[in-house]
Structures are given as C-alpha cells and as structure tokens.
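Everything on this sheet refers to the single structure shown next.
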Amino acid sequence: MIAADVPNVSQITQATVGVPYYSLVFDIDPAVTQSLVVDIGIAQAEAGVPIRVDPTETEVADTALRLMRLLDRPASIPVLQHQLIRELHYWLLTGATAPAFVRWA
C-alpha cells in the first residue's frame, strides 16, 4: 500500500490466470476523510516514520475487493459504491496506515 502520491516502480513477479495480480488506485476524498475524523473523533496525528512498508490489512483488502466486485453488477454501483468508499476510508483511518491519512484530514 502506498499512502502518498509519490512516484513508484513495481514489478509483478507472480501472477497466473488462476491467481491473478490485482491493483487498485484509490484516491482519498478529503470530504469523506474529514467527516469520518469528526464522526469517530480522531485527533490530528503527529509526524511518524516518513516511509514504511506494511502489509494490506484484511479489512482494507476485503472492502476493496467488494468495491471492485460491483463492476460485475453495474446496477448495484449507484446504491452501494458510496458506502463502500466510506468504509474503505474508515479502515484506512483506523488501521496501521492511520498516521499517513489523518494528516490529510
């Protein structure tokens, strides 16, 4: 997971038709972030380690997958998209990546 708009280079080393590689670019919505910060009472984070590597948390991966699965059912997108986007913001704000996102709120 990359929590800032920085140049990056990556290489897919393992992927098959049966086990594909997925990538999702998700732009953080400042309005959703600010609303959640108020709703759940998150304080402004102090500066932490500027660069770190963390595995994607289960809740983030699960929500992102459910969001991508909406593409298989386009009629569900107008109904479900916004709540899944809000949920994804919530997990990013409350998980290991929180310090990187709370600074943007």
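The values are calculated or read from the model by the stated rules, or taken from the named source; none is laboratory data. In this text the structure is predicted, and so the values were computed from the model without any measurement. As a convention, Cβ positions derive from the backbone with ideal geometry for all residues, glycine included, and neighbour counts pool all protein chains shown.
Quick one: is residue 64 outside any loop (DSSP other than H, G, I, E, B), among the aliphatic types (A, V, I, L, M) and without any contact (Cβ under 8 Å) to a residue 12 or more places away in the chain?
no
Could you look through segment 55-79, keep only residues that are within 18 Å of residue 23 (Cβ to Cβ) and touching a Gly at 6+ places or on another chain (Cβ under 9 Å), and pick out the one that is surrounded by the fewest Cβ atoms within 10 Å (Cβ to Cβ)?
This residue is 57.
Could you tell me whether any residue of segment 38-47 is modelled with pLDDT of 90 or more, part of a helix (DSSP H, G or I), aliphatic (A, V, I, L, M) and within 19 Å of the chain's Cα centre (by Cα)?
There is no residue in segment 38-47 that is modelled with pLDDT of 90 or more, part of a helix (DSSP H, G or I), aliphatic (A, V, I, L, M) and within 19 Å of the chain's Cα centre (by Cα).
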